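Note sheet for the following structure.
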Amino acid sequence: VPSATAVPTATQAPTVTLLPTPSATPLAGGGRLAFITNRFGQKDLFTIRPNGTELNRLTQSTADEWEPSWSPDGTRLAYVYKDLFHPIEEGVFIVNSDGSAGRRISYQGWGPSWSPDGRCPAWWSGN
C-alpha cells in the first residue's frame, strides 16, 4: 500500500499594506455629543461635552426620542419621537442645539439624516 508523503513547500512572506492614519471626525454642535438616555423614566435627547461636562437636556416629554442626527453645521438635531399612548403625536422632529424651536417635520418616519449642505433633512418612511 503506497503511503502519502508530505512534501514541504515554501511559505510566502505576508504582504504589508499601509492604511491611511485615521483622523478624528469633528464633533457637531460646538463639540458636543448628542445621545438618548432614559435616566428620567423615558428616553430623552441630551447633549454633553466629550469630557462629561455641560450636560444639556433638549427634550422633556412623556414619549421617547430616538436616533438623533446632527445637521452638518451643528446648529440643529433631527430625531424620531415615538409615543405609544398618543401615536398621533409621533414623527420626525428638528430642534436647535440648545433645545429651542423644536418642531415636527413629518408625522412618521425613522433614521433622520441631513443633506450635505444642511438645508434638507431626510428620513425613512413607511409610505
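The values are calculated or read from the model by the stated rules, or taken from the named source; none is laboratory data. Everything numeric in this text was worked out from a predicted model, so none of it was measured. Cβ placement follows ideal geometry from the backbone for every residue including glycine, while neighbour counts extend to all protein chains displayed. Ligands, DNA and RNA are stripped out before the accessible areas are found, and what is left, the full protein with its side chains, is counted by its heavy atoms. Shrake-Rupley method; radii C 1.70, N 1.55, O 1.52, S 1.80 Å.
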query = In region 78-88, is there at least one residue being free of Cβ contacts under 8 Å to residues at least 24 places away in the same chain, closer than 21 Å to residue 37 by Cα, open to solvent by less than 20 Å² (accessible area, probe 1.4 Å) and not small (Gly, Ala, Ser)?
reply = yes
key: Cross-chain or 6+ apart pairs with Cβ under 6 Å, region 97-108 first and open to solvent by less than 50 Å² (accessible area, probe 1.4 Å), then among the hydrophobic types (A, V, I, L, M, F, W, C) and part of a loop (DSSP other than H, G, I, E, B)   = 99/58
task = Find the residue count for region 43-77, including only residues that are out of contact with any helix residue (DSSP H, G or I) (no Cβ under 6 Å at 6 or more places or on another chain), open to solvent by less than 60 Å² (accessible area, probe 1.4 Å) and of a type in the set (A, V, I, L, M, F, W, C).
result = 6
note = Residues of region 112-127 being within 13 Å of residue 74 (Cα to Cα) and aromatic (Phe, Trp, Tyr), in sequence order, are 114
Close pairs from region 113-127: first among the aromatic types (Phe, Trp, Tyr), partner open to solvent by 90 Å² or more (accessible area, probe 1.4 Å), Cβ under 9 Å, at least 6 apart = 123/110; 124/110
